[in-house]
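Novice: Please read through the structure below; I'll follow up with questions.
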Amino acid sequence: MAQNEQIDALKEALKEPLAEYSGRLNARIDELEARSNRAGLGGSTTSTGFNAKLAAEAVLSNSQRRVVKPSEVDPEEMQAYASAYGSYLRRGDATAHNIKAAMSVGSDPDGGYWVPGQMAENILTRMYDTSPLRDIAGSVTIASDHYTLPIDTNDAISGGWVGETEDRPETDTSELGEQTIYAREQYALPKITQKLIDDSIRDVGTWLEGKIADKLGRVEATSLVSGTGVKQPRGFLDYKSAAVTTDDGSRAWGVLQYVPTGAAGGFPKLSGTPGADDPSALNTLIGKLKGVYRRNATWVMNRSTAAVLRNLRDNQGRFIWQDGIAAGQPATLLGYPVRDDFEDLPDIASDSYSIAFGDFSRGYLIVDRQGVRVMRDPLTSKGWVKFYTTKRTGGDVVDFDAIKLLKFAAS
């Protein structure tokens, strides 16, 4: 108790001197602020030789300044600080008692370490073009390496009207065929150091796995549109080289039908309207698709082609492209929904197949053996972790009457 009473007595004895000192110190700061304001911040000196710029950097603003309470101050610390601060005011000596003339966020040693940057919770990832055929095509998951479909395309079965007592001879029977779609494999094998995995503030492994899955997905999407079928899915656009203008029922199965626009690299000009394009080939393409397929038909094209079609008008001057009325609703072209995000379809050019139309849920089938499989390998290369990633997917046209192509050509 005696020691506490001594401390209380010392605080009481220091209360008045400290209050007086605080008042004189604040008055001195106000005087320095006034001088610095008159002298400006350009480095000129006052009559006492004090540098105004240095004073302005050292002085606290009125909003930051407060009266020091005696109970908050250690007497010895206060005396040492007061002596050092006086030396700083007189000679600009900032070395004593760790007094800083100016601290800068832009300089780490001068205070920047105290202002750490805030790391975003999400990593900004660049978006890449793709062709989302999965959104509209049919799909099936299999437990083997291939999928076989029985195909009934033969119309050889026969019959006819017969009288009550007439003989009924045997008639022809249709023959079935089959189509096999193989699950093709793609892979990736990137590696990162174990130290980066251990010490990074982010889950680098999960981030890398996501990047791999995105890349494999985009490669797959391209193959579903234009793949050759050799070690990869066969895309519907790969059938363009054998496509013909022959109607359904007259051409061989396994061949797609195309409709020409009537002009190389574009649409022909509309008669009677100078400079206007004639979009009648689009109507012709719709007419070539059977009614059973038109119920769920969709236009697909890339955004460059869509930009051209947005400006097309009919012979009454009305735009044939209509944007969706509400958010999330697709645009329509001649009454049918449009997907203008198929960037693997080519831009409009001479003899290009830049637009497809049809019921892709019946016309194209995607076969999945499994999803993305990732195996971490920390043993093969010491200090490194390899991410062996595989994905097995197949795809092919299965109904050649359900998809039509538009060719930007005269015939």
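The values are calculated or read from the model by the stated rules, or taken from the named source; none is laboratory data. What you are looking at is a predicted structure, and each value in this text was computed from that prediction instead of being measured. Neighbour counts are summed over all protein chains in view; Cβ atoms, including those assigned to glycine, are modelled from backbone coordinates with ideal geometry. To get the accessible areas, we keep the full protein, side chains included, count just its heavy atoms, and leave off ligands, DNA and RNA. Shrake-Rupley method; radii C 1.70, N 1.55, O 1.52, S 1.80 Å.
Novice: How many of the residues making up segment 282-297 are surrounded by 15 or more Cβ atoms within 10 Å (Cβ to Cβ), touching a helix residue (DSSP H, G or I) at 6+ places or on another chain (Cβ under 9 Å) and of a type in the set (A, V, I, L, M, F, W, C)?
Specialist: Qualifying residue count for the region: 3.
Novice: Looking only at segment 215-248, count every residue that is touching a residue at least 60 places away in the same chain (Cβ under 8 Å) and either more than 25 Å from residue 312 (Cβ to Cβ) or part of a helix (DSSP H, G or I) (or both) and tell me the total.
Specialist: Count: 20.
Novice: Scan segment 131-185 for residues that are acidic (Asp, Glu) and at pLDDT 80 or above and jot them down.
Specialist: Of everything in segment 131-185, those that are acidic (Asp, Glu) and at pLDDT 80 or above turn out to be 135, 145, 166, 167, 178, 185.
Novice: Against the condition farther than 20 Å from residue 238 by Cα, touching a residue at least 60 places away in the same chain (Cβ under 8 Å) and open to solvent by less than 60 Å² (accessible area, probe 1.4 Å), how does residue 276 come out, does it pass?
Specialist: no
Novice: Scan the strands (runs of 3 or more DSSP E) fully inside segment 298-411 and keep the ones with 2 or more residues being open to solvent by less than 20 Å² (accessible area, probe 1.4 Å) and not small (Gly, Ala, Ser).
Specialist: The strands (runs of 3 or more DSSP E) meeting that bar are 298-300, 353-358, 364-377, 384-397, 403-407.
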